[in-house]
Structures are given as structure tokens and as C-alpha cells.
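Following: one structure in C-alpha cells, then a few remarks.
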Amino acid sequence: PIYRASPGKEVEELTPAEIKEILEGQKKPAPAVEIDSALLEKVKSIYPSLKETLEAVILDGNLNELARVPVNELMQALGKVTDGKHIIIDGIATQRLIDAAKSSNYTTIIAFKKADGIKVPEGMKVYTFSELGLS
């Protein structure tokens, strides 16, 4: 069997007691991710028009759409779009994207896939569409 940390946690962050619980099967990792329900609803409404477009949508803290750009222009857009808080991307959440988003004060990235070995900074959340039950 394959054992995993709960969503939003890295294995390195688990306490010995949490590791023991997972290994003994007493505690199943939570299937649901903790995400703001209003943001989740907004993502659900955007997802059908975003899927398979290789585009990214930038939302502000009030979930207003600030920009929709091709994925290959997202890095430049992060610095230009002020007040952006959430990125929804039909692409891969890479470490480079996460670092750039963090430095521009974004709090959430929701992507098709996460790159292997990414480190998510404190105060930021990175989800995949499948973790949110969308793909």
C-alpha cells in the first residue's frame, strides 16, 4: 500500500503520532481539502470554460476575474495584475510559478497538476482540480 500525508501537509510536517496513525490505518487522510467554499464555487463555475484551453484566470480577493491569459504569459501577468489573490490554471503548478505568485502576494493556486517536489510556502495553498473533485 501507498501511504500519504493529509492534503495540504507534507510528510516532513507530520508528527510521529500522525505518522503512526496513518501507518496503523486508524486515521484515513482526509479526502476533502480545506478550501474556502466561495472560492470552490467560483472555481467550479470557471473550470468548464478553462479546461483544455492552456489559459490561466486571475481572481482578486472578492473572486472577481481580473485577467484571463495564455499560460505562457502568466508569469508576466502576475507582476502587472495588482490585487490578484488566486490563480486558476489549466497547466502545471511549478515551483517557479509558486515562488513568483508568493512574491506577488497570491494566496492560492489551483492547477491541472502539481510539479513533482514542489515546496509550498507558508500562507499559500496549491490544489489540483482532481483534489477539488473537478477532473
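The values are calculated or read from the model by the stated rules, or taken from the named source; none is laboratory data. Remember, predicted model here, so these are calculated numbers, not experimental data. Here the Cβ positions follow ideal geometry from the backbone for every residue, glycine too, while neighbour counts run over all protein chains shown. Just the protein is used for accessible areas: all its heavy atoms, side chains included, with ligands, DNA and RNA removed. Shrake-Rupley method; radii C 1.70, N 1.55, O 1.52, S 1.80 Å.
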Report which label in (1) 40, 33, 23; (2) 53, 40, 25; (3) 47, 28, 25 holds the value of Cα extents along the principal axes in Å derived from the coordinates of this structure. (3)
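Using the beta-carbon distance between Met75 and Ser37 and R0 = 25 Å, what value does 1/(1 + (r/R0)^6) give for FRET efficiency, to the nearest 0.05? Show your work: numbers first, answer last.
On the way: r = 30 Å, r/R0 = 1.18.
Here the calculated transfer efficiency is 0.25.
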Dipole magnitude (debye, nearest 20) for the chain, charges at Cβ of Lys, Arg, Asp, Glu: 120
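What number comes out for accessible area per residue over the chain if the probe is 1.4 Å? Units Å², please.
61
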Could you name the lysines in cross-link range of Lys51, using Cα to Cα under 19 Å and dropping any fewer than eight places away on the same chain? Lys42, Lys113, Lys114
What is the distance in Å between the Cα centres of segment 1-15 and segment 50-115? 26
Return the carbon/sulfur percentage of the accessible area of the chain, one whole number, probe 1.4 Å, all protein chains in place. 52
Straight-distance crosslink candidates among lysines, where the alpha carbon sits under 16 Å from Lys80 and sequence neighbours closer than 8 are dropped: Lys102
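Using R₀ = 25 Å, calculate the FRET efficiency as 1/(1 + (r/R₀)^6) where r is the Cβ-Cβ separation of Leu63 and Asp99; round to 0.05.
On the way: r = 24 Å, r/R0 = 0.95.
My answer for the efficiency is 0.55.
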Suppose a student asked you for the relative contact order of the chain, using Cα pairs under 8 Å spaced at least 6 residues apart; what percent would you report? 18
Of Val11, Gly84, Ser103, which is farthest on the positive side of the dipole of segment 1-121, counting Cα position, with +1 on Lys and Arg Cβ, -1 on Asp and Glu Cβ, and the Cα centre as origin? Val11
Restricting to aspartates and glutamates and to Cα separations under 19 Å from Lys20, and discarding same-chain partners fewer than 8 apart, the set is Glu10, Glu12
So who's got an amide H within less than 5 Å of the one on Lys114, skipping anything under 5 residues away but keeping other chains? H placed 1.01 Å off N, in plane. Ala93
